[in-house]
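Let me begin by presenting the structure, written as structure tokens, before commenting on it.
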Amino acid sequence: ATTLENIKKKGHVQCGVTTGLPGFSQPDEKGNWTGLDVDTCRAVAAAVFGDAKAVEFTPLTAKERFTALQSGEIDVLSRNTTWTLTRDASLGLNFTGVNYYDGQGFLVSKELGVSDAKDLDGATVCIQSGTTTELNLADYFRAKGMEFTPIVFDTSEQTVQGFSSGRCDVLTSDRSQLAALRSKLPDPNSAVILPNIISKEPLGPVVRQGDDEWFNIVKWVLFVQINAEELGVTSANVDDMKKSDNPSVKRLLGTDGDMGAKLGLAADFGYHIIKQVGNYGEMYDRNVGPGTPLDLERGLNALWSDGGIMYAPPVR
Amino acid sequence: MIQVEGMHKWYGEFHVLRDLNLSVRRGERIVICGPSGSGKSTFIRCINRLEEHQQGKIIVDGVELTDDVRQIDSVRREVGMVFQHFNLFPHLTVLENCCLAPVWVRKVPRKEAEQTAMEYLERVKIPDQAHKYPGQLSGGQQQRVAIARALCMKPKIMLFDEPTSALDPEMIKEVLDVMIELAGSGMTMLCVTHEMGFAKTVADRVIFMDGGEIVEQGPPKAFFSNPREPRTQKFLEQILQH
Amino acid sequence: MIQVEGMHKWYGEFHVLRDLNLSVRRGERIVICGPSGSGKSTFIRCINRLEEHQQGKIIVDGVELTDDVRQIDSVRREVGMVFQHFNLFPHLTVLENCCLAPVWVRKVPRKEAEQTAMEYLERVKIPDQAHKYPGQLSGGQQQRVAIARALCMKPKIMLFDEPTSALDPEMIKEVLDVMIELAGSGMTMLCVTHEMGFAKTVADRVIFMDGGEIVEQGPPKAFFSNPREPRTQKFLEQILQH
Amino acid sequence: MNSQQPVSKPSGPKPWYDPRVRALVFQALALAAVFWAGWVLIDNTLANMESRGISTGFGFLDQSAGFGIIMHLIPYDATMSYGRTFWVGLLNTLLVSFLGIVAATILGFLLGVARLSSNWLVARLALVYIEVIRNIPLLLQIFFWYFAVLRNLPAPRQSLELAGLAFLNNRGLYLPDPVAQEGAGALFAICLLAVVAVVVLRIWAKRRQRATGRIFPTFRVGLAILVLVPALGYLATGAPIAWDVPELRGFNYRGGLTLIPELAALWVALSLYTAAFIAEIVRSGILSVSKGQTEASKALGLPNGLTLRLVVIPQAMRVIIPPLTSQYLNLTKNSSLATAIGYPDLVAVFMGTTLNQTGQAVEVVAMTMAVYLSISLFISLLMNLYNRAVAIKER
Amino acid sequence: MGGSVMKPPVSRLAPVQWIRQNLFSTWYNTLLTLAVGWLLVTSVVPVFDWLIFGATFSGDGPGDCVGKGACWLFINQRLNFFIYGFYPDAEQWRVDIMFALLALSFVPQFIDRFPGRTWFGLFGLTGLPLCGYILIPGGWFGLEPVDSSKWGGLMLTLVIAYVGIIASLPIGVLLALGRRSEMPIIRGLCIVFIEVWRAVPLITVLFMASVMLPLFLPEGMNFEKLLRALIGITLWQSAYMAEVIRGGLQAIPRGQYEAASALGLGYWRRMGLVILPQALKLVIPGIVNTFIALFKDTTLVLIIGLFDVLGAVQSTVTDPAWQNVATEGYVFVAFCFWVFCFGISRYSQNLERKLDTGHKT
Ligand SMILES: Nc1ncnc2c1ncn2[C@@H]1O[C@H](COP(=O)(O)OP(=O)(O)OP(=O)(O)O)[C@@H](O)[C@H]1O
Ligand SMILES: Nc1ncnc2c1ncn2[C@@H]1O[C@H](COP(=O)(O)OP(=O)(O)OP(=O)(O)O)[C@@H](O)[C@H]1O
Ligand SMILES: [Mg+2]
Ligand SMILES: [Mg+2]
């Protein structure tokens, strides 16, 4: 059976997320998950079932995530995972796109008085196990001829605790996370994020290789959201937009042509995504954008038309 | 009732029983004696297949003991056994001990089994202990329960393996009394014991074993007064002198 | 050799030994008997201070038993003891059992200790078992090793606490034989036992205890034939009738 | 079975009533079922891996790992292979297990004896310790030792120091590292000689006791030799060992020997936890020696110390050793909790990072499990040999 | 002769003498006492200060924690989460019922003279899991289904430990019988099974169960994460259980087997009616001990992303609203576990003592 059939039989999408990372995926006291990655999953559920709630989350540590996806434990992995050649090619996985362009940075304690990463020779660094960060870090220090001591933790919570208890001088992670992790410190103002970006970290949802139908669905859910932002369709105005004459909007919302059928979905899958989850910009602003605890500018993640690199193929 | 022909048994390399031949008639009462380690227990345990023999034949009540599970089961149903250390089931009451086999093996209804059990408990003179646990009884009482338990299966043959040797002197008598009464009722009995008084009173035949062989056998009177073999004589001397 | 004067002992609130007085001459052989729980074991264990007494005096070989560790050690060196359950050291061979105390306490060279041990093992008639472990011996053999082990310290006094009561009938005799032989050699002995035959044969004096008191004492002949106290009479009746 | 006499009834039962035949059939079925289940599992796994495009095989072990590991007993850097990370992790596991076993044994025996102490306060305290420690999950204790203690240690620049040689801060304990100089060989030889001397002394003392019965205080004299001779030798050979003293450079101390907090916390937690169990084993071992044995020994005139040494302990050890080994095994298995605090043991490094970077779960997990299985089998083997050696001989 | 009642010379030790004898009997004892006493005074006082005297117990929010001591207010406010996890508020009564039933079945076990306490215990082993199966996940009799991903906290801890024990008991019995079987292949298979499971650390088992299991199963066959963790724990636990039960089987005298055979009972009846009832009763303390061990080990499910008590606490102590409440959180968890484990282990020790004397009669 194909993944889509299995999911329809189950009645929900099983989605792998982090065990807790503010802005990306974090459960509250009642077990409600919020975050950019979580919303991505909800958008997939909205596309498949027309119901953004038809999704269940499996919290995974970094080192469990690929095994969980490979084994079929989850249907889609949406867990700020970096797209790399090895992962794409040899793990039996397919990246469906990029929902956040990121880069690796450093968080250091203010006391140390360090202002640039090249002064970090000999530092002790807290990292999360099984991430590209672990590899980038080794590369970066090697390239600069510097020494470092890695302390590898299992979860981001432990990494923060290690950093806050003074075990390491530096915490390294994707820059988006640094802000989130910093907000978890007992005193967030005691640490600063260095300006250096030492790697490219395109983060995006992942599916198993070998099921193109499902691959396409997850891929196009994101594209639909980006296209929606471009076209100015939001969750607030989507009902009005249904009456729009713009052929692009019509195709997007399924009022004209049958884009859904080509993916094996309902014709109005785009409508459901936008109505229930919103377009990419809404999703961004709600979870990580300015005003949220993470307070991240759009930067690279702005639409191509606004100086960023978010660019989606057209729905047609 | 019991036919033993040219029976041999080994434990590993050790030849415990050598060429035993014995035939027991219905209602006959046989006492087996002999020095420690002479194979008495082993022999008696072969008869209901608690031990396996390697050569020769044992036929009990017309059924030959072979590897056949059904034959073994049918023999065990007809043969009751009383052990030196009682081996009552400590987690069951006296009554439950007695009913266990009739209910599960003979498939007698519980009510009926309990009635029978009470009858036999009366016969061994402890009906009032029926609802106690074995641990609460004295050794003599326990051994009498063990006898009643074996009788509840209404066996055709009863085997006793030194039923009194783990008991204090006062209690030996109560148990022997029960056994004498039982012998009087015409039950076929094989009894390993050193109680010569008992042997004299009830035995039809006394068998003397040594080194895994039947050395001598005969009616008790002749056996005690005129043992033929020197080994028997020596043994009797030791026992009676003590 | 041993002087006990007005000795009392309590276990918590329970008064086990009441006002014992006894004096034992060198070479005297004393048998202590009495019903179970009468305090025989406790008494004999007080003599080498395995139990502490609370009132009165015990003087052994001129040394008074007090809290002083050195005095206790010196008394224990002179007093051998044989227990009901042998208490051999299972991790050592028979010979090592015998040599342990001479080597570590008396500081005898190993060779010499082994020679002495072999002599005593011969005396108890088991020199051939010297290199076996206690677990490999029969009860009677074990008890004889225990006697040899005590003798190896060349004690002036031997205490026996029911040395034969854990043994099978056949084995009782072997142990008693050794004890009789020992008595013949002039050793001072205190022996708790119910073997009245032994008492009659070797004892110079029989002591009867009941309820923690010495009820009666006297030479065995008089004691057995003419017990004065009714308690003694009753006890003897029970024992001899068996 | 093979009766020689003519048999009146058909010899041998019908095959389905013969318990031997039944047993054979039953066992054959069980074996077939197990093989079938195993085959289905393997078949499924292979099919699943194939259909999901997961590469198989152990080729990944030769690829370069590319990540750093904080602690390695054999040379390691990020350019080495995944296979190397296996050995690094394995050695780290063995190291912490070994350290834990040593410490837990010593502490456990002390506590076990303290439980039986005549000093009321000491006995009670040991009891409280045991009851508190063994009723709290180990993971929690590891967290406690790691985070709570780490928080209370100073930063590197405010390190606690001892005579400018040893430093303690929240990056670990830094000690001078001995570096052999000229003449170190001689010192080494002297130490070796001291050890030999003690062995010879022991043999001599035993001989003398056999011959004359006099007892020589071997333990005390031996200890003195082991301490004094190397010390004197060190001075005599002109202090041939240089010390690489750690010094503060940049963020932290460099040089010298380092005990990282992850190892320390894991070590402390494992030792304290296991010691509580060992203490109970020791106590019940000592109590299992029957009172009769002590009494017999006392009756022979052996004083308390010798009674303990010659009679009680040898017998108690037989009871203690088997459960003790299973505690050792537990400790080794529990060391896999290292992954929770970032100590690079086998599970953290190999089943963690390596598995994640390569994605070859089946191979990696199989290798990891094989390691634990081998350790366990090896220890059981030793155990059985020991048991056979000390088994009390019986009839 | 002395005759009548005489009191022992020193009837009861005066306090001074007691102290002398138990604390200062020799010079090294004196030294030990002093050292230990000093240690106690210097460590216990500050600890109690933090725990109780300087601590904040009630208030409205993080702002009220101002004292130098512990901030128990945090625990107080999050207690619901620590006990029920994400279980919906409206349905928590179902969990409460289970807690009550649990107490009802096992509290009587601590009271010797409680009438029919065996029946309560048997209910705990049979009826209780059944009730739990109906009540906690719901979906029966119109109960709102609650997905297992919403279970958490103490409740999840108990569910895992309880299911682990109950399910491993029958498997353990079979394995133990197999290991004592006369059939070499059966015995061999059981030994291999037991030894392999006992050799591997629980976290590798959990890892396999949580993420790798679907890889081994035919496509499409899948169960939820908790169930898989439970299967892993049960198999792992049954190996330990088998060894405990084997100990009990070995302790049953041969005579019992023989007597049962002589009565004509077949293998399964012999085991079921005579041997196992005795053996299981004998090893209750051992079973209780493995239960305690398992109960403590449930904390490891944290590593595979299930929110048991420890996981629940860990995920909240980093809440930026509260300053540094990690220690309070951990102490709270430690206390929860300690109370449970200590209580049960006391019970099992009692039982051991009772069974011990029971055997001699
Ligand atoms: N399971 C066994 N394996 C090996 N040898 C055994 C076994 N059971 C008994 N024997 C040996 O077989 C011999 C006969 O034993 P058996 O118990 O039949 O003697 P017995 O005449 O009943 O003696 P007792 O009067 O002591 O009960 C003994 O030498 C004994 O050691
Ligand atoms: N350690 C103890 N604590 C309390 N009471 C004890 C202790 N040891 C023995 N007793 C009691 O002291 C009394 C005398 O015991 P003792 O063992 O001396 O009797 P005995 O004459 O040797 O009896 P037996 O013939 O049964 O060996 C008994 O009532 C016994 O219960
Ligand atoms: Mg016999
Ligand atoms: Mg006594």
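The values are calculated or read from the model by the stated rules, or taken from the named source; none is laboratory data. Because the structure is a prediction, the values reported are computed rather than measured. Cβ sites come from the backbone with ideal geometry, for glycine too, and all protein chains shown count toward neighbours.
Within segment B:50-79, restricting attention to residues that are part of a loop (DSSP other than H, G, I, E, B) and more than 15 Å from residue B:20 (Cβ to Cβ), the residue that is nearest to ligand 3 (Cβ to nearest atom) is B:50. Going through (1) buried (at least 19 other Cβ atoms within 10 Å of the Cβ); (2) aromatic (Phe, Trp, Tyr); (3) assigned to a helix (DSSP H, G or I) one by one, residue E:322 falls short only on (3).
From B:160, B:208, B:198, which residue is over 13 Å from the mean Cα position of the chain (by Cα) and within 16 Å of ligand 3 (Cβ to nearest atom)? The unique qualifying residue is B:208. On the basis of being in contact with a Ser or Thr (Cβ under 8 Å, 6 or more places away or on another chain), surrounded by fewer than 19 Cβ atoms within 10 Å (Cβ to Cβ) and within 30 Å of residue B:101 (Cα to Cα), does residue B:171 make the cut? For residue B:171, the condition - in contact with a Ser or Thr (Cβ under 8 Å, 6 or more places away or on another chain), surrounded by fewer than 19 Cβ atoms within 10 Å (Cβ to Cβ) and within 30 Å of residue B:101 (Cα to Cα) - is met.
Looking across segment C:63-103 at every residue that is farther than 14 Å from residue C:46 by Cα and small (Gly, Ala, Ser), the one that is surrounded by the fewest Cβ atoms within 10 Å (Cβ to Cβ) is identified as C:74. In this structure, residue B:26 does satisfy being surrounded by fewer than 19 Cβ atoms within 10 Å (Cβ to Cβ) and in a loop (DSSP other than H, G, I, E, B).
When residue A:30 is tested against (1) over 29 Å from residue D:44 (Cβ atoms); (2) part of a strand (DSSP E or B), exactly one condition is not met: (2). Taking the conditions (1) in contact with a helix residue (DSSP H, G or I) (Cβ under 6 Å, 6 or more places away or on another chain); (2) within 17 Å of residue B:63 (Cα to Cα) in turn, residue B:34 satisfies each one other than (2). The set of residues in segment C:103-119 being of a type outside the set (A, V, I, L, M) and modelled with pLDDT of 90 or more consists of C:114, C:115, C:116, C:119. For segment B:1-29, filtered to residues that are of a type outside the set (Lys, Arg) and within 16 Å of ligand 3 (Cβ to nearest atom), the residue that is nearest to residue B:201 (Cα to Cα) is B:20. Residues that are assigned to a helix (DSSP H, G or I) and more than 10 Å from chain D (Cβ to nearest Cβ) were ranked within segment A:69-110; the one that is farthest from residue A:131 (Cα to Cα) is A:110.
Each residue in segment E:255-282 was checked for being among the hydrophobic types (A, V, I, L, M, F, W, C) and in a loop (DSSP other than H, G, I, E, B), and 2 pass. Report, ordered by the first and then the second residue, all pairs with beta carbons closer than 8 Å, sequence separation of six or more or different chains, a first member in segment C:98-113 that is at negative phi and part of a helix (DSSP H, G or I), and a second member that is surrounded by fewer than 22 Cβ atoms within 10 Å (Cβ to Cβ) and among the small types (Gly, Ala, Ser). From residues that are at negative phi and part of a helix (DSSP H, G or I), the pairs are C:103/D:213; C:110/D:211; C:110/D:213; C:111/D:211; C:112/D:213; C:113/D:213.
Among the residues that make up segment B:154-173, is at least one of them part of a helix (DSSP H, G or I) and touching a residue at least 40 places away in the same chain (Cβ under 8 Å)? Write out each step before concluding.
Going residue by residue through segment B:154-173, those that are part of a helix (DSSP H, G or I) are B:169-173.
After this cut, where a residue has to be touching a residue at least 40 places away in the same chain (Cβ under 8 Å) as well, the list is none.
No: segment B:154-173 contains no residue that is part of a helix (DSSP H, G or I) and touching a residue at least 40 places away in the same chain (Cβ under 8 Å).
What residue, among those in segment C:27-79 that are small (Gly, Ala, Ser) and more than 10 Å from ligand 2 (Cβ to nearest atom), is farthest from the other protein chains (Cβ to nearest Cβ)? Among those residues, the one meeting the criterion is C:27. Is there a residue in segment B:21-28 that is touching a helix residue (DSSP H, G or I) at 6+ places or on another chain (Cβ under 8 Å) and more than 15 Å from ligand 1 (Cβ to nearest atom)? Looking for residues that are touching a helix residue (DSSP H, G or I) at 6+ places or on another chain (Cβ under 8 Å) and more than 15 Å from ligand 1 (Cβ to nearest atom), one finds none in segment B:21-28, hence no. The residue that is modelled with the highest pLDDT, among those in segment D:4-25 that are closer than 29 Å to residue E:192 by Cβ and facing another protein chain (nearest Cβ under 7 Å), is D:23.
Go through segment A:203-226 and count every residue that is touching a residue at least 40 places away in the same chain (Cβ under 8 Å), assigned to a helix (DSSP H, G or I) and over 19 Å from residue A:52 (Cα atoms). The qualifying residues number 1.
Quick grid of which residues meet (1) closer than 30 Å to residue E:208 by Cα; (2) of a type in the set (Phe, Trp, Tyr); (3) surrounded by fewer than 20 Cβ atoms within 10 Å (Cβ to Cβ):
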position: E:237; (1), (2), (3): yes, no, no
position: E:255; (1), (2), (3): no, no, yes
position: E:268; (1), (2), (3): no, yes, yes
position: E:280; (1), (2), (3): no, no, yes
position: E:284; (1), (2), (3): no, no, yes
position: E:300; (1), (2), (3): yes, no, no
position: E:313; (1), (2), (3): yes, no, no
position: E:333; (1), (2), (3): yes, no, no
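Out of all the residues in segment E:98-115, is one or more touching a residue at least 40 places away in the same chain (Cβ under 8 Å), more than 25 Å from the chain's Cα centre (by Cα) and either surrounded by 13 or more Cβ atoms within 10 Å (Cβ to Cβ) or farther than 30 Å from residue A:30 by Cβ (or both)? No, that holds for no residue. Once segment E:142-188 is narrowed to residues that are among the polar types (S, T, N, Q) and closer than 21 Å to residue E:291 by Cβ, the residue that is farthest from the other protein chains (Cβ to nearest Cβ) is E:168. Which residues, taken from segment A:1-21, are assigned to a loop (DSSP other than H, G, I, E, B) and surrounded by fewer than 23 Cβ atoms within 10 Å (Cβ to Cβ)? Listed by number, the residues that qualify are A:1, A:2, A:11, A:12, A:20.
Take segment E:189-220 and flag every residue that is at the interface with chain D (Cβ under 9 Å from one of its Cβ atoms) and not in a helix (DSSP H, G or I). If the condition is that a residue be at the interface with chain D (Cβ under 9 Å from one of its Cβ atoms) and not in a helix (DSSP H, G or I), then E:200, E:201, E:217, E:218, E:219 are the ones that fit.
Where strands (runs of 3 or more DSSP E) fall entirely within segment D:144-207, those with at least 2 residues that are touching a residue at least 12 places away in the same chain (Cβ under 8 Å) and closer than 27 Å to residue D:342 by Cα are at D:166-169, D:172-175.
Is there a residue in segment D:308-322 that is modelled with pLDDT under 85 and crowded, with 19+ Cβ neighbours inside 10 Å? No - not one qualifying residue is present in segment D:308-322.
Being away from chain A (no Cβ under 14 Å) and either at pLDDT below 75 or farther than 24 Å from residue D:129 by Cα (or both) narrows it down to one of E:51, E:13, E:32, E:39, so name that one. After applying the criteria, what remains is E:13. Restricting segment D:239-253 to residues that are away from every other protein chain (no Cβ under 14 Å) and of a type outside the set (A, V, I, L, M) leaves a set whose member that is nearest to residue D:155 (Cα to Cα) is D:244. Here residue D:44 meets the list (1) within 13 Å of chain A (Cβ to nearest Cβ); (2) of a type outside the set (Asp, Glu); (3) in contact (Cβ under 8 Å) with a residue 24 or more places away in the chain almost entirely, failing just condition (3).
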